[in-house]
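Here's the structure, in structure tokens; my notes come after.
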Amino acid sequence: MKRKKQLLGMTLNELKKVAQEAGLPPYAAKQLADWLYKKKVASIADMTNIAAIKREYLKEHFEIGITPPSDGVKSNDGTIKYLYPVASGNSVESVYIPTDDHATLCVSSQVGCKMSCIFCMTGRQGFTSNLSANEILNQIHSLPEAERLTNIVFMGMGEPLDNTDELFKVLEILTSSYGYAWSPKRITVSTIGAKGLKRFLDESNCHLAISLHSPYPQERFSIMPVEKAFPMYQILALIKKYDFTHQRRISFEYIVFKDFNDSVQHAIALAGLLKDIPCRVNLITFHAIPDTSLDSSNIKKMELFRDTLNERGIICTIRASRGEDIFAACGMLSTSRHT
Ligand code: SF4
């Protein structure tokens, strides 16, 4: 049996084609978008301003495409890790992180990842497939706490800028008036600097986070093979051509490893590297994963690192670690710990 196409995750242009195919007037695309993204209907039958006969046609060829999470595990700190089934029997994880005044969802963009960063469980898994726009958006749309969300970060499984076509459809739907009408200021895309970075800088106003993890190319290469294909100096040169003083912010993510990248010399070198970029640095605690020689640094060293950057005019904070007990913290997502 032919699989029905999913409406959730379609841009307005794609919905115009659906309307045309169904023999509906062009303005019906906007009505479809309203039902999908504003009224959040669960079935095509509920789209009551579409003629009944046209709804029957749509039901024959399309479905809404909502898939609730198949599992959820709650951490002692309130973080919840959800498991979402995706195509071909695979699953991905999303992490819901509530705080006193914010509620953030960390969203996945791929099943596995090609980038092989040695500190990351997803990288260990290898790459299986890109997620479709439907599968990315569904993690947000079907989240049990969706109405409480204030922020979305694309920092889950996979490299979002290695799946740019589908990611961009989702960003458009999230930020357009026909879609969820979110401010781009509430959305951050995190990357290690893949090939889609220039397109992101040209086309999106969402915030950007770059995973750097070392100020030295050779050292970065030793833990992030991507350094060979997309060297950090090229990434920084590209970033310097764009404005980060107004709407869009840029931050650099720095996982702090014991006796590897946590020295004062590293902090001074990092401050030198970023001195012309209006940015902030987030220091992240490393969460040990099996079979690695890397270890977590300690809080004293992280504070010294932070202070060294702050003294040199770079805003630096130590990011609170969340969800470690349920394997939901940074670098720990792998879909193998849902019990
Ligand atoms: S850190 Fe990000 S880019 Fe690197 S392997 Fe993990 S998911 Fe992929």
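The values are calculated or read from the model by the stated rules, or taken from the named source; none is laboratory data. Computed from a predicted structure; not experimentally measured. With ideal geometry, Cβ positions are generated from the backbone for all residues, glycine too; neighbour counts draw on all protein chains shown.
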Study note, to complete from the structure: Matching residues in the range 87-112 (assigned to a loop (DSSP other than H, G, I, E, B), at pLDDT below 95 and under 21 Å from Pro160 (Cα atoms)) number 1
Review point. Mind checking whether some residue in the range 126-144 is within 27 Å of Tyr254 (Cβ to Cβ), at pLDDT below 95 and more than 16 Å from the ligand (Cβ to nearest atom)?
Key: no
Point to revise | Pair list, Cβ under 6 Å, 6 or more apart: the range 10-27 residue closer than 14 Å to Leu58 by Cα, other residue modelled with pLDDT of 95 or more and hydroxyl-bearing (Ser, Thr, Tyr) | key: Ala22/Tyr57
Point to revise | When residues of the range 145-159 are limited to those that are part of a helix (DSSP H, G or I) and either free of Cβ contacts under 8 Å to residues at least 40 places away in the same chain or surrounded by 20 or more Cβ atoms within 10 Å (Cβ to Cβ) (or both), the one nearest to the ligand (Cβ to nearest atom) | key: Ala146
Exercise for review: Answer yes if at least one residue in the range 195-210 is aromatic (Phe, Trp, Tyr), away from the ligand (no atom under 16 Å from the Cβ) and modelled with pLDDT of 95 or more, and no otherwise.
Suggested key: no
Point to revise | One residue from Pro231, Pro215, Pro225 being away from the ligand (no atom under 16 Å from the Cβ), in the same structural domain as Gly156 (by TED's automatic domain parsing) and at pLDDT 95 or above | key: Pro215
Check your understanding: Which condition number in (1) touching a Pro at 6+ places or on another chain (Cβ under 6 Å); (2) more than 9 Å from the ligand (Cβ to nearest atom); (3) touching a residue at least 60 places away in the same chain (Cβ under 8 Å) is the one that Leu167 fails?
Key -> (3)
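Conditions tested, residue by residue: (1) buried (at least 16 other Cβ atoms within 10 Å of the Cβ); (2) assigned to a strand (DSSP E or B); (3) in contact with a strand residue (DSSP E or B) (Cβ under 6 Å, 6 or more places away or on another chain).
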site: Leu161; (1), (2), (3): yes, no, yes
site: Thr188; (1), (2), (3): yes, yes, yes
site: Ala194; (1), (2), (3): yes, no, no
site: Phe200; (1), (2), (3): yes, no, no
site: His213; (1), (2), (3): yes, no, yes
site: Gln218; (1), (2), (3): no, no, no
Check your understanding: If you check Leu167 against the conditions, is it surrounded by 22 or more Cβ atoms within 10 Å (Cβ to Cβ) and out of contact with any helix residue (DSSP H, G or I) (no Cβ under 9 Å at 6 or more places or on another chain)?
Key -> no
Check your understanding: Within the range 220-252, which residues are within 18 Å of Asp162 (Cα to Cα) and either without any contact (Cβ under 8 Å) to a residue 60 or more places away in the chain or crowded, with 18+ Cβ neighbours inside 10 Å (or both)?
Key -> Met224, Val226, Glu227, Lys228, Ala229, Phe230, Pro231, Met232, Gln234, Ile235, Leu238, Ile239
